[in-house]
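S.K.: Attaching a single structure in structure tokens format; questions to follow.
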Amino acid sequence: MESYKILIVEDEKELGQLLHDYFKKEGFETILAFDGEQGLTLFQQHLPVLVLLDIMLPKIDGMELCRIIRNQSTVPVLMMSAKSSDVDKILSLGLGADDYITKPFSPGELVARVKAQIRRYTLLSSPIKPDEWLKFSSLEIDSKGYRVFLKGNQVDLATKEFEILRYLASHPQQVFTREQIFTAVWGQNEYGDINTVTVHIRKIREKIEKNPSKPHFIKTVWGVGYKFDGGS
Ligand code: CA
């Protein structure tokens with residue numbers, strides 16, 4: 001099994017460290033943040049596959065951080081709380097948390113829940129199936145055939161342009177940094193100028209957007225990167 005990256009945001013240092021070590025032992029790659037602000041920064045840097053989020057946190061509290069993460073990503077968020085009354089709050093606020101666990105909990109139970117969430121998530125957003133045909137309002141992408149159609153007319157994209165578009169469109173609404181896009185398309189071991197991504201995105205926009213300066217499909221998320229918006 002590949003090692004999944006999870007983010008733990010917990011201000012109780014001892015508990016945070018304990019969870020960090022426990023998940024590491026279970027084969028996860030763990031990133032630890034001690035407050036909400038650091039949690040957000042690390043989330044955007046690492047794009048973990050799951051976030052384990054304490055509710056009472058300094059700087060940005062867990063509920064607010066959950067809301068922010070939900071606006072940027074569909075990764076599972078599992079909330080940890082010291083009070084069972086918080087659970088009602090999580091539910092009533094509709095923050096989009098996927099699961100919650102009340103402290104104290106057994107690490108074994110937590111790991112089981114985390115694994116269940118990751119299984120569900122990776123099943124939903126699994127890597128591109130080779131025969132997949134992605135369809136968004138006027139835009140269609142033939143993943144296997146490297147073809148793109150705009151209102152039924154084929155658009156000519158260079159290979160890397162196609163691969164960037166396919167990558168973003170396979171994860172609608174998920175924000176990617178230029179570094180992540182570069183790694184996904186050119187590979188981990190390629191060295192190159194990160195600005196290449198910017199240049200390619202501009203070219204893609206010129207080809208698929210009605211108004212490239214007001215893009216409909218590939219949106220710029222200021223200070224972070226890009227996301228694909230397949231909305232109508
Ligand atoms: Ca706390």
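The values are calculated or read from the model by the stated rules, or taken from the named source; none is laboratory data. Please read these numbers as outputs of a predicted model, since none were measured by experiment. Note that we place each Cβ from the backbone using ideal geometry, even for glycine, and neighbour counts take in every protein chain shown. The accessibility values were calculated without ligands, DNA or RNA, using every heavy atom of the protein model including side chains. Shrake-Rupley method; radii C 1.70, N 1.55, O 1.52, S 1.80 Å.
S.K.: Which condition does Gly230 not pass, out of (1) under 19 Å from Phe43 (Cβ atoms); (2) assigned to a loop (DSSP other than H, G, I, E, B); (3) open to solvent by less than 30 Å² (accessible area, probe 1.4 Å), if it passes all the others?
M.R.: (1)
S.K.: Here's something else I'd like to know. Determine which member of the set Gln117, Gln45 is assigned to a helix (DSSP H, G or I), touching an Asp or Glu at 6+ places or on another chain (Cβ under 6 Å) and not assigned by TED's automatic domain parsing to the domain that holds Ala169.
M.R.: Gln117
S.K.: Could you list, in sequence order, the residues of the stretch 56-111 that are within 13 Å of the ligand (Cβ to nearest atom) and among the acidic types (Asp, Glu)?
M.R.: Within the stretch 56-111, Asp61, Asp86 meet the criteria.
S.K.: Consider only pairs whose beta carbons are under 9 Å apart and that are at least six residues apart or on different chains; among these, list those whose first residue lies in the stretch 8-22 and is more than 11 Å from Ile55 (Cα to Cα) and whose second residue is among the polar types (S, T, N, Q) and crowded, with 18+ Cβ neighbours inside 10 Å.
M.R.: Ile8/Thr30; Leu19/Thr30; His20/Thr30; Asp21/Thr30; Tyr22/Thr30
S.K.: Among the residues of the stretch 53-88, what is the count of those that are of a type outside the set (Ser, Thr, Tyr) and part of a helix (DSSP H, G or I)?
M.R.: Of the residues in that region, 14 qualify.
S.K.: Next question, about the same structure. Do we have Leu134 as open to solvent by 40 Å² or more (accessible area, probe 1.4 Å) and at pLDDT below 90 here?
M.R.: Working: open to solvent by 40 Å² or more (accessible area, probe 1.4 Å): no; at pLDDT below 90: yes.
Against the criterion (open to solvent by 40 Å² or more (accessible area, probe 1.4 Å) and at pLDDT below 90), Leu134 does not qualify.
S.K.: Take Gln117 and tell me if it is among the polar types (S, T, N, Q) and farther than 30 Å from Tyr22 by Cβ.
M.R.: On the way: among the polar types (S, T, N, Q): yes; farther than 30 Å from Tyr22 by Cβ: no.
No.
S.K.: Among Leu78, Leu47, which is open to solvent by less than 10 Å² (accessible area, probe 1.4 Å) and in contact (Cβ under 8 Å) with a residue 12 or more places away in the chain?
M.R.: Leu78
S.K.: Name every residue in the stretch 27-41 that is surrounded by fewer than 16 Cβ atoms within 10 Å (Cβ to Cβ) and not in a strand (DSSP E or B), in order of residue number.
M.R.: Within the stretch 27-41, the subset surrounded by fewer than 16 Cβ atoms within 10 Å (Cβ to Cβ) is 27, 29, 37, 41.
The answer is Gly27, Glu37, Thr41.
S.K.: Restricted to the stretch 137-159, and to residues that are more than 17 Å from Phe217 (Cα to Cα) and of a type outside the set (Gly, Ala, Ser), which residue is modelled with the lowest pLDDT?
M.R.: Looking at residues that are more than 17 Å from Phe217 (Cα to Cα) and of a type outside the set (Gly, Ala, Ser), I get Lys144.
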